[in-house]
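Undergrad: The following block contains the structure, expressed as structure tokens.
The values are calculated or read from the model by the stated rules, or taken from the named source; none is laboratory data. The model shown is predicted, which means the values in this text are computed figures rather than measured ones. So basically every Cβ, Gly included, is an ideal-geometry build from the backbone, and we count neighbours across all protein chains shown. Areas reflect the complete protein model, heavy atoms only, side chains present, ligands, DNA and RNA absent. Shrake-Rupley method; radii C 1.70, N 1.55, O 1.52, S 1.80 Å.
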Amino acid sequence: MNRTGAGAPTAVKGTPFHERTQALCQGKNWRRWSGFVSASSYDLTHEHEYHAIRSAAGLIDISPLYKYRICGSDAETLADRVVTRDITKLAVGQVCYTPWCDSDGKVRDDGTLHRLADSDFRLTSAEPTLLWLHENAEGLKVEIKEETEQVGALALQGPRSLNILNEITDGALAELRYFHVIQTQIEGISVHISRTGYTGDLGYEIWVDASDAVPLWDTIFRNGVKHGLAPAGLLALDIARVEAGLLLIDVDYMPAHRAVIESRKSSPFELGLGWTVSLDKRNYVGRTALREEQSRPTEWEFRGLEIDWLSLEDAYAEVDLPPQIPGMTLRESVPVYAEEEQVGYATSRSWSPTVKKYLALAHLQAKYAKIGTELKIEITVEHQRRTAIARVAKTPFFNPARKRATFDVVRTP
Amino acid sequence: MNNYDAIVIGAGHNGLVTAAYLAKSGLSTVVLERSATPGGCAATEELWPGYHVDTGAHSFTGIDQRVLSDLQLSSGELEILSPDPVLVSPQHGRRTLTLHHEPAKSAQSIQPFSDRDAARWPEFLEAMSLATRVLEVLYETLPPRLAKANKGDLWELARLAIRLGRVGRQDALELMRLIPMTVEELLDEWFESDALKGTLATSGITGICQGPMASGTAYLLLHSLVGGGGVVRHRSQLRGGMRALGTALQQAAVRFGAEVRLSSPVSSIRIKERCATGVSLESGEDLEARVVVSSIDPAQTFLRLIDPTELNPEFVRAVKNIKYRGVCAKVHLALDDAPVFGRGEENGTQSAVLQGASIIIAPSIEYLERAYDDAKYGESSKAPYVDAVVTTALDPSLAPEGNHILSAVVQYAPFKLKTGNWDESRRTVLRDSVIDTLSTYAPNLRDAIVHCHVLTPADLADQFALTEGNIYQGEMTLDQIFMMRPAPGWGRYQTPVEGLYLCGASAHPGGGLTARPGMAAARAVLSHSTKNR
């Protein structure tokens, strides 16, 4: 039986691009993402897909993101009331990355907020957010519409992404600045294109009516092949986002509303998102707590770690093995030590094929979080716990100029 | 002057009590009342020439004695009239159960219904008064602060009561056992007579959208005993009508220096940086104050008067989750002859009625449950529970000489109907159900009616600014009492808005003309304002 007692279908859904992605997914390597099936990798391994993102372009189906449209005369008020950034300063055509908090100033989720028109916003989130938006909309003149299933989304990421899109749009795309969005057409298909992404690279996200999803995929794909475009799955994306130093909900932090104990909750400051917190704007959810927290020294920081290669070699040499590195991002939390004392934990670890380093994202006690601080990270060598030296490093680990570059004319970046 | 230390919204009895205490402590205080008369639900209106009808509450159990003395209310200003016997409960076959102040007299009246029940009556009173003593301690206590509400809360309170040393552990444990029970279970432990159990069970259902077979109704029975001096269904009224309470409290507040502005509806509470800074009036006038105390219910305070973006969504959710579900209506009859219940003078019923006893129509627990069954499905009771009083019995001045007023609280008349609204036809049906019900026991009533007036729950909502017509500003159910009143974690009169307090029946210890929420809220305000100085 594929149904619950209440009669609701329990089968995972395909995204609007499923017809195409399922044909391409040779390895049948699927995972679930917010109730949708989503390719972990299309090839038997994800390496080619990763390199497509970094050296050509990768096409990632990100339709499972929750998407909400907020319209009406109080749309700005609602958006501004929910998120930590000052939305009154977000111009039409601009996008911002922002977390949002509960009333205790603990992060519930993070996502992007697109201002499509003066009173028309699109919010993306990792967690279902409809109820939260409604609860914050009490007394406001807004219309909140969930469009998760109605809108398909593709991330086209990598150095050739602009070239691919330029050839199939009217050319205005070169002028689209980092974290901006335009409404345009791709071969007659109406889309929103935002210069955003989760790879820390030059890249775009394309938002399309679900009914136009398959033709859109075909158009991009047909045109992209000559640029080296490859469909990319979540494993490749996960490596890219660690290189970009971008945190992932449920991996790097626990959403506050699902935390069963206080210590699992994080404030934006503790996640390295202090830059997204406006303390002066109009009252919003969590402001009082965030102001109060901001007045105290921070206890936790979210930082990059670079694991020392020689120390890794040494650890493996003891058992006569060459160093072993993860081929994909590891999502188990491991302890980080200063001498013998645990001072933090790394929540994401990945070998970076581009930076050629073993990287981690870690929560560290503030006094151990200075860039360059030498710490130790736990590694398991032949079933035994050991440590390797890890240095606190600046993120993003990989930050190409093309990510934010402005392009005056159509050219190869 | 438009700058005060404190603004109190609403001149109901709790609002006036709070204002009087604040003024007495030297705070410049103004009370803002939307209607033209003070008193809120303690209201008396001249519905017909010469007939002064208590359109809100027609009885009260007991106003906290300390309020009367603290606010120096003399018996001249506020003459409390308390009948004995306290109630008559007419039964089929013209029999009547009568309860008195004196337990032995009540037992004597119970005896024809059950020898056993009559024998247990004094013991029952003793047991109830022990449990009530614990409640009285709790009602005196500022509910503990709650980081998070949990199941152990009530037990925490009981331990608090024990720690205060005024009650024994056994009494507290017994209270813990009783509180979640149904009033039916509680009464079944003691009695066998339907007449007695039905009569007593009414105290467990007043003002809530639940029947006597619902959990927590035993608590409400105990709540009704607080302040009654050990007398079950103790009732009092005021000479000149219940409006005398508002008048006297207004005078007291003014004596202490407070200003009371009638016909001055508030349009919003002004907030800056999450602190209350004053109010705006519908007239356009703005008043400033560092303390704003609202005696109206949370739905209106937080969802109508405050810009909801000033409040946390979690708090707004809690406020929206407060259950009101009004179930009471009122029917007022002007009579040119006294109604004769039961066998009239033959068994003393008539003299009881003419001494101002409550007339309780609740012949059995099942009768009440069936009355509730209708309401459960969004209809008013075909055979309702009626709590009637001939108010002119104790105070003949309320009606032209030789005439009477019968005031009846009717339950269940649900605010939210399954279909339609409280329109004229529903009003007529309600009126007829009450007259029919009463006439069953007092056959001469129908012919004695000179005038009739009905307040549906929708009318109560409008007239007394009661959300969903709930007479207690929020149901007195187990999940909405103590530190869960009005919302979990907000049982200390404070609100998430700094400087904004609640002082009405929506606050601990809840509804009724007790003055307790008003007094306790004033205490909370004063303890903070001293600290903040």
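Undergrad: How many of the residues making up the stretch B:378-397 are out of contact with any Pro (no Cβ under 9 Å at 6 or more places or on another chain) and surrounded by fewer than 18 Cβ atoms within 10 Å (Cβ to Cβ)?
TA: The total comes to 4.
Undergrad: Would you confirm, using the coordinates I've provided, whether A:LEU312 is in a strand (DSSP E or B), in contact (Cβ under 8 Å) with a residue 40 or more places away in the chain and not charged (D, E, K, R)?
TA: So A:LEU312 fails the test.
Undergrad: Could you say which residue among A:GLY197, A:GLY152 is out of contact with any helix residue (DSSP H, G or I) (no Cβ under 6 Å at 6 or more places or on another chain) and of a type in the set (Gly, Ala, Ser)?
TA: Just a single option satisfies the conditions, and that option is A:GLY197.
Undergrad: Mind listing just one residue for me: the one in the stretch B:283-328 that is away from chain A (no Cβ under 14 Å) and out of contact with any helix residue (DSSP H, G or I) (no Cβ under 9 Å at 6 or more places or on another chain) and, of those, nearest to A:ASP102 (Cα to Cα)?
TA: The selected residue is B:VAL292.
Undergrad: Does A:GLY105 fit the bill of being within 14 Å of chain B (Cβ to nearest Cβ) and more than 27 Å from A:GLU292 (Cα to Cα)?
TA: In short, no.
Undergrad: Sticking with this structure for a sec: Give the stretch B:460-476 a look and list any residue that's touching a helix residue (DSSP H, G or I) at 6+ places or on another chain (Cβ under 8 Å), in a loop (DSSP other than H, G, I, E, B) and farther than 16 Å from B:GLY15 by Cα, or say none.
TA: Within the stretch B:460-476, B:GLY474, B:MET476 meet the criteria.
Undergrad: So which pairs qualify, if the first residue must be in the stretch A:57-82 and over 23 Å from A:ASP218 (Cα atoms), the second must be of a type in the set (S, T, N, Q) and in a helix (DSSP H, G or I), the Cβ gap must be under 8 Å, and the two must be at least 6 apart or on different chains?
TA: A:GLU76/A:THR88; A:THR77/B:THR309; A:LEU78/A:ASN136; A:ASP80/A:THR88; A:ARG81/A:ASN136; A:ARG81/B:THR309; A:VAL82/A:ASN136
Undergrad: Open to solvent by 50 Å² or more (accessible area, probe 1.4 Å), modelled with pLDDT under 95 and part of a helix (DSSP H, G or I): does that describe B:GLU185?
TA: No; evaluated as a whole, the condition is false for this residue.
Undergrad: Still on this structure, please answer the following. Could we say that A:GLN94 is open to solvent by 10 Å² or more (accessible area, probe 1.4 Å), polar (S, T, N, Q), more than 14 Å from chain B (Cβ to nearest Cβ) and more than 30 Å from A:ALA56 (Cβ to Cβ) here?
TA: no
Undergrad: Are any residues in the stretch B:499-513 within 8 Å of the chain's Cα centre (by Cα) and farther than 12 Å from B:GLY474 by Cβ, and if so, which ones?
TA: The answer is B:GLY512, B:LEU513.
Undergrad: Looking only at the stretch B:288-323, filter to residues that are closer than 17 Å to B:MET484 by Cα, open to solvent by 10 Å² or more (accessible area, probe 1.4 Å) and without any contact (Cβ under 8 Å) to a residue 40 or more places away in the chain; which one of those is farthest from the chain's Cα centre (by Cα)?
TA: Top of the filtered list is B:GLU314.
Undergrad: On to the next question. Filter the stretch A:238-280 down to residues that are polar (S, T, N, Q) and outside any loop (DSSP other than H, G, I, E, B) and give me whichever is surrounded by the fewest Cβ atoms within 10 Å (Cβ to Cβ).
TA: Only one residue tops the list, namely A:SER263.
Undergrad: Going by the conditions given, is A:THR387 in a loop (DSSP other than H, G, I, E, B) and either over 19 Å from A:ASP308 (Cα atoms) or of a type outside the set (D, E, K, R) (or both)?
TA: Considered against the rule, which asks whether it is in a loop (DSSP other than H, G, I, E, B) and either over 19 Å from A:ASP308 (Cα atoms) or of a type outside the set (D, E, K, R) (or both), A:THR387 comes out as no.
Undergrad: Ok, one more. Just give me the residues in the stretch A:135-151 being out of contact with any Lys or Arg (no Cβ under 6 Å at 6 or more places or on another chain) and within 24 Å of A:ALA91 (Cα to Cα), in sequence order.
TA: Residues satisfying the conditions are A:ALA137, A:LEU140, A:LYS141, A:VAL142, A:GLU143, A:ILE144, A:GLU146.
Undergrad: Do you know which of the residues in the stretch A:148-184 that are in a loop (DSSP other than H, G, I, E, B) and over 24 Å from the mean Cα position of the chain (by Cα) is farthest from the other protein chains (Cβ to nearest Cβ)?
TA: Checked the stretch A:148-184; the qualifying residue farthest from the other protein chains (Cβ to nearest Cβ) is A:GLY171.
Undergrad: Of the residues A:SER55, A:SER63, A:SER40, A:SER73, which is modelled with pLDDT of 95 or more, within 20 Å of the chain's Cα centre (by Cα), among the small types (Gly, Ala, Ser) and surrounded by fewer than 18 Cβ atoms within 10 Å (Cβ to Cβ)?
TA: A:SER55
Each row is one residue, and each column tells you yes or no for (1) touching a Leu at 6+ places or on another chain (Cβ under 7 Å); (2) open to solvent by 20 Å² or more (accessible area, probe 1.4 Å); (3) at pLDDT 95 or above.
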| position | (1), (2), (3) |
| --- | --- |
| B:LYS197 | yes, yes, yes |
| B:MET213 | no, yes, yes |
| B:THR217 | no, no, yes |
| B:SER224 | no, yes, no |
| B:MET242 | no, no, yes |
| B:SER268 | yes, yes, yes |
| B:GLY278 | yes, no, yes |
| B:ASP286 | no, yes, yes |
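Undergrad: Within the stretch A:281-290, identify whether any single residue is in contact (Cβ under 8 Å) with a residue 24 or more places away in the chain, surrounded by 17 or more Cβ atoms within 10 Å (Cβ to Cβ) and either under 18 Å from the mean Cα position of the chain (by Cα) or away from chain B (no Cβ under 14 Å) (or both), and answer yes or no.
TA: Within the stretch A:281-290, none of the residues are in contact (Cβ under 8 Å) with a residue 24 or more places away in the chain, surrounded by 17 or more Cβ atoms within 10 Å (Cβ to Cβ) and either under 18 Å from the mean Cα position of the chain (by Cα) or away from chain B (no Cβ under 14 Å) (or both).
Undergrad: Of a type in the set (Gly, Ala, Ser), under 17 Å from the mean Cα position of the chain (by Cα), surrounded by 18 or more Cβ atoms within 10 Å (Cβ to Cβ) and in a loop (DSSP other than H, G, I, E, B): does that describe B:GLY207?
TA: Considered against the rule, which asks whether it is of a type in the set (Gly, Ala, Ser), under 17 Å from the mean Cα position of the chain (by Cα), surrounded by 18 or more Cβ atoms within 10 Å (Cβ to Cβ) and in a loop (DSSP other than H, G, I, E, B), B:GLY207 comes out as yes.
Undergrad: For the stretch A:123-147: of the residues being within 27 Å of A:ILE53 (Cβ to Cβ) and open to solvent by less than 10 Å² (accessible area, probe 1.4 Å), which is farthest from the other protein chains (Cβ to nearest Cβ)?
TA: A:GLU147
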